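Undergrad: Sending over a structure as structure tokens; questions will come in a sec.
Coordinate-derived values only; no laboratory data. All values reported here derive from a predicted model rather than from experimental measurement. Positions of Cβ are generated from backbone atoms using ideal geometry, with glycine treated the same way; all protein chains shown enter the neighbour counts.
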């Protein structure tokens, strides 16, 4: 199929892409050069703002208005895409170059059937009959291993799961057997087991069809799983490029070294002393069901058993990880413990108090003892309050005079590694990692006994994630905190948790010390979860481990 | 401050502000320039504008000074618009905040009432209220406020529905903060900007409602309202069309000014909606 | 089918509220100074108190308010709106005579406003920041700020009085005895100005919403997906953006049905159209409260019907509705 196998399929030469005035820097990409051979997967990896997505969209010429290349060339099969006419680009898009995106929910038109949206690619570029298109679409859905291809053909996007939607996107991108597939974070929005299957699918099809794949990701685990070669980007510059095995295990650039060092290895942490302490928090038979429906379209109430009969205990001074995929009920459980939700049954014993039995008013008085750190560093701080005030708010609610509360906030800022001089700033003036630190200081301000952390690092870049994890770990020891750590990421869990409970469909399927769960998982689901972690065989800093 | 700068850089918004200031100036100047009763006899009826410098906008069929009525009409329109808007927005925020924050049965009940109000054509409802309570200016103002609250209520509710589940609100609950404080101090300030912007729409509609009512002779006949004057001019439309035309322009300018200011505020408070979206790289 | 069921359920849910509202209005009207009999007596040029007393008994106005309300609601369920004192006919009959004119006016205006607003909105969104957008948006703002009755009057001055192209008012040439097609054309000629007058402010609203909606939809991910398939601009708009952008417009039709009815009161008065709106105006002026209440009831039914239709259309446009989202 590839008659031009002599030269590279795609070659980016000294490419610069200009940002509109007022952006945080003048260029999204500055002098980037790299090439992609037919039949290889090149992973472009970098943190947010590195310009990796801009690179993908430049190749496709789908940049937002105001953003445009101002130097360099993008040669695809020896044609310069930067200089190509819009009509020429339209002929290439979807036919010679396919693209898949990060959010499979929003990337599909919600009002049109999946089959119709795949078929559209044929209708744009070919003169096939409706019948032939239908057959080809069905064949594509079979190729991307859609569970029921005939039904998926007629399904609307909202009737499909996240993974199925991404399969539709892949089918759409592959419809006309493009020579180049651009995948922009295609598995970031998916659960880990689904992610594993989609990565496998992309790899298989790439091999079978001999495509070149430009794969954009922020996740070194994914890189280890799928890449032939790796390009590392930082702030619009290419930092390092080379074969995957070399870059992952013997990174040359200091930036790459730092990034890889921040990736938590999929190994349990060394056991700590004193983890056999008596329990401070004990859950017994906690259940929570949701009744959804009503509103403007009443009578469609659906009952979801979000948490089913969960019993767990948290020894004093330790971290208990609650691990599960989306919909496993882990966040609902966390919200029941801090009584943002009222559990239907069961007891939640903190010391001698059953939190589940308290009235709203009584819980308000006990609120101090269990605090929560939230996932989204952008949504978890009131955008209109100054950082110092946010932290001082808790003590002030309990009657501490303002000056005293602010003095405490000052001390906490230092404790969590923020400059107390920044207390007068508004949340939007802080970075994501700094906001998470503010959220942590706010929780600590009322001297809690138990800290519930709900995915506190999942919205952060890997280097910031490592810092926040280290901070949490040291604070627990210094302040004698007990911590409940909710996460979907087994790497993160292995880094910080003494014990782990695995949840699936609202129930705990397995619980035990981290090392035991990692090395000798009892439940089949735990094994599946561990197997699905991308790049599980790659241990950062241990070059002898083979790439998948 | 950034919002103010964005506002001042927007020519349409600036024009709106200038026009609005002009209307306000006219309203303030009315008693100084035309100290006599604007509804009193000023001269020979039906004089064309720009003929007699004493009554430079001419006189209507009863010999009343059109310029005096236009100037005094600005006071009436602005006052009715402002007070009715305050009433509508206050009710709307109260209903919307409670419905959106508590949800469930409270929400269902309040939204039923809101929907029912929206099912009744607001101008018809206004007619009923005027028929029952009479048509002096205070009654008309309150009535306009009473028929205008459902839209701001729905808007406030929508804002509260999204904000109440934000993590910063949950964080306040976890800290043990009470409902009233969360509603008033945490959510409301964040929900307010779109409601304030919408107030300009309510005010524009309120001014139009009053003028329509006055045009139909159902508003207070004892105040110089632009709508009254247009209605009075209907009888001589065939020949002296200027009697109706002039106050109509005054209404147009006022409503346009209010709308432009509202839109300018909207653009200044939601900068991302203007022009191309900022470039955001994937995480 | 699910969509029909859901829409029917919503329809059923809105009826009890309607009854409550009407009960409230009925009680409110008890506060009104003067009742139907006063209005009637005034029209007859006065009369002795004995006659008034007798009339009150005849209309059931001597009963306590609660009993009157019960009687009224019971009659309402049977779709009996009572007698109009002024017209001397059942209110239902009076309304039925006036309804077609209003329906015609509203239908024509709504169609014009929706189609015009959609087209202009798309045009403005496509050329955002350029002169077509500036022109359309400015015109939209001016239309929005223009009081409809004033626009109607100025239309009469220009097109009826100065140019003589269109009639100044009325529904048709009374006494001309037109039939068939000629009559239809005559009515259409009479409705041109009223339709434009009523439509203009709504056209302004629709075009603003359509412009904003198009701008938002065009920035969404699936539009980028469509472009990534190699679809051209026209294809992207027609096949992907349009239907999604129309959703808020359809919602708006339902929300504004009541406003439009209110607007027809004024427009029908300006153009002396014998419609429901003018009837409402007359019944306020003549204190025929029974008729006024009947009009409010019928208007609410009309708005509910429009919303029912809107639900059905929305359900057809958006498959997510049937899934209960």
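Undergrad: At 222 nm, what value in deg cm²/dmol follows for chain B if DSSP H runs of at least 4 each add -39500 (n - 2.57) and the sum is divided by all its residues, to the nearest 500?
TA: After summing the helix terms and dividing by residue count, I get -23000 deg cm²/dmol.
Undergrad: Would you mind pulling out the separation of the Cα centroids of the range A:374-425 and the range A:436-498, in Å?
TA: If we compute the Cα centre of each part, the gap is 17 Å.
Undergrad: Something else: What share of the DSSP beta bridges in chain A is antiparallel, in percent to the nearest 5?
TA: The antiparallel fraction comes to roughly 55 percent.
Undergrad: Calculate how many DSSP beta bridges within the protein assembly as shown are antiparallel, expressed in % of all such bridges and rounded to the nearest 5.
TA: Antiparallel bridges make up about 55 percent of those DSSP assigns within the protein assembly as shown.
Undergrad: For chain B, set up a Gaussian network in which alpha carbons nearer than 10 Å are linked by springs, and say which option among B:170, B:240, B:118 fluctuates the most.
TA: B:170
Undergrad: Between the range C:109-169 and the range B:1-40, what is the separation of their alpha carbon centroids in Å?
TA: 26
Undergrad: At what distance in angstrom do the alpha carbon centres of the range A:91-137 and the range B:230-246 lie from each other?
TA: Computed from Cα coordinates, the inter-centre distance equals 62 Å.
Undergrad: Got a sec? How would C:229, B:36 order by Cβ neighbour count within 10 Å, fewest to most?
TA: The fewest-first ordering by Cβ neighbours comes to B:36, C:229.
Undergrad: A further question on this structure: How far is helix B:11-33 tilted off the main Cα axis of chain B, in degrees rounded to 10, range 0 to 90?
TA: With both axes taken from Cα atoms, the answer is about 50 degrees.
Undergrad: Which values of log₁₀ I(q)/I(0), to two decimal places, follow from the Debye formula for the protein assembly as shown at q = 0.04 Å⁻¹ with a uniform point scatterer at every Cα?
TA: -0.28
Undergrad: Taking Cα pairs under 8 Å and at least six residues apart, what relative contact order does chain A come out at, in percent?
TA: It rounds to 16 percent for chain A.
Undergrad: Another question, if that's okay. Using a 10 Å cut-off around each Cβ, can you sort C:295, C:209, A:500 from fewest to most neighbouring Cβ atoms?
TA: C:209, A:500, C:295
Undergrad: Along the Cα-to-C-beta direction of residue B:112, a point sits 7 Å from the Cα; which residues of the range C:276-301 have their amide N less than 20 Å from that point?
TA: C:297, C:300-301
Undergrad: Rounding to the nearest 10 and keeping the result within 0 to 90°, find how far the Cα-based axis of helix A:387-397 lies from the longest principal axis of chain A.
TA: So the helix axis and the longest Cα principal axis differ by about 30 degrees.
Undergrad: Counting each DSSP H run of 4 or more residues in chain C as -39500 (n - 2.57), what helix-only mean residue ellipticity at 222 nm follows after dividing by all residues, to the nearest 500 deg cm²/dmol?
TA: -25000 deg cm²/dmol
Undergrad: Label-point separation (nm) for residue A:362 and residue A:527, each offset 7 Å from Cα along Cα-to-Cβ?
TA: Going by the 7 Å Cα→Cβ label model, 4.6 nm.
Undergrad: Sequence gap at least 6, Cα distance under 8 Å: using those rules, report the relative contact order of chain B to the nearest whole percent.
TA: Answer for chain B is 26 percent.
Undergrad: Next question. I need C:58, B:102, B:242 ordered by Cβ neighbour count within 10 Å, fewest first.
TA: C:58, B:102, B:242
Undergrad: For the Cα atoms of chain A, what angle does the longest principal axis make with the long axis of helix A:402-415, in degrees from 0 to 90, nearest 10?
TA: Compared with the principal axis, the helix lies near 50 degrees.
Undergrad: Based on DSSP H runs of at least 4 residues, each adding -39500 (n - 2.57), what is the mean residue ellipticity at 222 nm of chain A after dividing by all its residues, to the nearest 500 deg cm²/dmol?
TA: So the helix-based figure for chain A works out to -10500 deg cm²/dmol.
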